[in-house]
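Scroll down for the structure; my scribbles are underneath it.
The values are calculated or read from the model by the stated rules, or taken from the named source; none is laboratory data. For clarity, every value in this text was computed on a predicted model and none was experimentally measured. Heads up, the Cβs are rebuilt from the backbone with ideal geometry, glycines too, and the neighbour counts pull from every protein chain shown.
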């Protein structure tokens, strides 16, 4: 059995490289996975790529199988789909999802992989981590039937949230983004689209995912009295200023954070494994293919990350293809 592999490393901020890896023999209770696809979680991974993780968050931001430390050298990523080449009989030959960095083969505990349901294509399953974030956000947000809802920020996370909210009965749902090209994606997901200036107000709930100061300010403006903004954005080391001296107090508005690192307290009886399995089941919906906006070969990844970080290559989820 081939024990060689190739892995993407951030050598230093703004500089990626592919390194050769020699894998260990899988032990009892471990699996060897041959990668088929991985996904670039554009917001978080480009922040890592440019060295934007604050020192205070170095431990909090560690990925499950990260090697090295921020700002680099570091091997980072968490959206990998592959085939089990060696391991327990019940997993051998199965397509699985794993929170592993961009690497052509890897050895992990069998408990760290989740089988991809038969009805979910392997190439779409790279979205599992993002949809899992959206699931947790909606457990936190607790939308109700008939709610008036806006999702501000049509990136990978915002679009995943909108895709799930589009299944709620009776909701008025708008995806709000400054890029008019997001209108086509919103339509594919079953949501209406609006520019920030044209978005409908009087919202019961606004989910904010633009990671911008103007986006969060606009999210507050769209609320009805006593409405809530659930903020999914990660701002890195940036400080954010908000107009909390205007109508924030008189209208009794609320802002709360949501973060996938912990299971929502609203679903305290669920495990991380439960949440991820649910996300994979939800990926049976082909509408979610709209979130995959580009594809490159693995060996191109250093250049692709540079282009994603600079904005030259616009993307929601950029998919990475592996081949032997």
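Contact map, segment 27-44: first residue outside the structural domain of residue 159 (by TED's automatic domain parsing) and at positive phi, second residue crowded, with 23+ Cβ neighbours inside 10 Å and part of a loop (DSSP other than H, G, I, E, B), Cβ cut-off under 6 Å, separation 6 or more or different chains; the map is empty. When 312, 226 are checked against the criterion of being without any contact (Cβ under 8 Å) to a residue 60 or more places away in the chain and on the phi > 0 side of the Ramachandran plot, a single residue qualifies: 226. Within segment 281-295, is even one residue assigned by TED's automatic domain parsing to the domain that holds residue 161 and under 21 Å from residue 176 (Cβ atoms)? So far as segment 281-295 goes, no, none of its residues is assigned by TED's automatic domain parsing to the domain that holds residue 161 and under 21 Å from residue 176 (Cβ atoms). Taken over segment 194-210, the criterion of being more than 13 Å from residue 148 (Cβ to Cβ) and crowded, with 22+ Cβ neighbours inside 10 Å is satisfied by 208, 209, 210.
When 292, 255 are screened for being out of contact with any helix residue (DSSP H, G or I) (no Cβ under 6 Å at 6 or more places or on another chain) and in contact (Cβ under 8 Å) with a residue 40 or more places away in the chain, only 292 passes. Quick check: anything in segment 54-61 touching a residue at least 24 places away in the same chain (Cβ under 8 Å) and touching a helix residue (DSSP H, G or I) at 6+ places or on another chain (Cβ under 9 Å)? No; the residues of segment 54-61 include none that is touching a residue at least 24 places away in the same chain (Cβ under 8 Å) and touching a helix residue (DSSP H, G or I) at 6+ places or on another chain (Cβ under 9 Å). Annotation note: of 278, 301, the sole residue that is out of contact with any strand residue (DSSP E or B) (no Cβ under 8 Å at 6 or more places or on another chain), part of a helix (DSSP H, G or I) and modelled with pLDDT of 95 or more is 278. Determine whether residue 117 is assigned to a loop (DSSP other than H, G, I, E, B), surrounded by fewer than 21 Cβ atoms within 10 Å (Cβ to Cβ) and free of Cβ contacts under 8 Å to residues at least 40 places away in the same chain. Taking the combined requirement at face value, the residue does not satisfy it.
Screening residue 255 with (1) under 23 Å from the mean Cα position of the chain (by Cα); (2) on the phi > 0 side of the Ramachandran plot gives one miss only, at (2). Is it the case that residue 34 is in contact with a strand residue (DSSP E or B) (Cβ under 7 Å, 6 or more places away or on another chain), modelled with pLDDT of 95 or more and surrounded by fewer than 14 Cβ atoms within 10 Å (Cβ to Cβ)? For residue 34, the condition - in contact with a strand residue (DSSP E or B) (Cβ under 7 Å, 6 or more places away or on another chain), modelled with pLDDT of 95 or more and surrounded by fewer than 14 Cβ atoms within 10 Å (Cβ to Cβ) - is not met.
Pairs meeting the criteria (first residue in segment 185-201 and touching a residue at least 60 places away in the same chain (Cβ under 8 Å), second residue assigned to a loop (DSSP other than H, G, I, E, B), beta carbons under 7 Å, at least 6 apart or on different chains) are 185/154; 189/166; 190/166.
Here's the yes/no breakdown for (1) more than 30 Å from residue 13 (Cβ to Cβ); (2) touching a residue at least 40 places away in the same chain (Cβ under 8 Å):
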site: 238; (1), (2): no, no
site: 241; (1), (2): no, no
site: 244; (1), (2): yes, no
site: 260; (1), (2): no, yes
site: 287; (1), (2): yes, yes
site: 297; (1), (2): no, no
site: 308; (1), (2): no, yes
site: 322; (1), (2): no, yes
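When the residues of segment 144-160 are filtered to those that are over 18 Å from residue 220 (Cβ atoms) and in contact with a strand residue (DSSP E or B) (Cβ under 6 Å, 6 or more places away or on another chain), which remaining residue is modelled with the lowest pLDDT? Among residues in segment 144-160 that are over 18 Å from residue 220 (Cβ atoms) and in contact with a strand residue (DSSP E or B) (Cβ under 6 Å, 6 or more places away or on another chain), the one modelled with the lowest pLDDT is 156. Within the bounds of segment 51-58, is there any residue that is modelled with pLDDT under 95 and under 24 Å from residue 116 (Cα atoms)? No, segment 51-58 contains no residue that is modelled with pLDDT under 95 and under 24 Å from residue 116 (Cα atoms).
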